[in-house]
Amino acid sequence: MNQLITLDVNGQSYPVAVEGRTRLLDALRDKCLLTGAKEGCSTGDCGACTVLVDGQPVTSCLLVAASAQGRKITTVEGVANGHELHPVQRAFMECGALQCGICTPGMIMTSIALLNENPSPTRDEIRFGLQGNLCRCTGYDKIVDAVEQAATYMKESAR
């Protein structure tokens, strides 16, 4: 049986009909047509589907969509400012911290949450903060470099 819920995604309201077991990932991709979050493992282990819910990183493959009603959801599509990339997105591109693209949205969203909480993380803190996100392509060094660079960009833009 479907129920109508409203999801607040990237500052926009999306009325969607979902079943009780519909995952947030499926609602975002199939109902809101926001395909940035990727399905990797379906068990919450890889982080490819990470979005921010009330500013906190959440694996959207494990969250029932109805439980996100009334909460602020941010996807990778919602972090840029118009045509200006978010500092984390910019740093990922400049540092070559992406290859196949499956993990990239989740890495970016987790990195944004990390830098919002800790604007000056050490490399070890970055690695710890990203431990729920798996990448099979980059070897992680470029990702850590990108998060360090993004921290610098975010500090510069805050001035």
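Readers should treat all values here as calculations from the given coordinates under stated rules, not as data from a laboratory. Bear in mind the structure is a predicted one, so any value in this text is a computation, not a measurement. Reconstructed Cβ throughout: ideal geometry from the backbone, glycine too, with neighbour counts over all protein chains shown.
I'd like the residue in the range 2-58 that is in contact with a Pro (Cβ under 9 Å, 6 or more places away or on another chain) and of a type in the set (A, V, I, L, M) and, out of all such residues, is surrounded by the fewest Cβ atoms within 10 Å (Cβ to Cβ). Result: Leu4. When the range 43-57 is limited to residues that are part of a loop (DSSP other than H, G, I, E, B) and in contact with a helix residue (DSSP H, G or I) (Cβ under 8 Å, 6 or more places away or on another chain), the one that is farthest from Val9 (Cα to Cα) turns out to be Cys46. Of the residues making up the range 113-129, those that are more than 15 Å from Cys49 (Cβ to Cβ) and either outside any helix (DSSP H, G or I) or under 14 Å from the mean Cα position of the chain (by Cα) (or both) are Leu114, Leu115, Asn116, Asn118, Pro119, Ser120, Pro121, Thr122, Gly129.
For the range 109-159, taking the residues that are among the acidic types (Asp, Glu) and closer than 14 Å to Leu98 by Cβ, the one that is surrounded by the fewest Cβ atoms within 10 Å (Cβ to Cβ) is identified as Asp141.
When Ala66 is tested against (1) part of a loop (DSSP other than H, G, I, E, B); (2) over 11 Å from the mean Cα position of the chain (by Cα), only condition (1) is not met. Taking the criterion of being touching a Gly at 6+ places or on another chain (Cβ under 9 Å) and part of a loop (DSSP other than H, G, I, E, B), the only residue of the range 138-159 that qualifies is Thr138.
Taking the range 7-30 as the range and being among the charged types (D, E, K, R) and not in a helix (DSSP H, G or I) as the test, the residues that pass are Asp8, Glu19, Arg21, Arg23.
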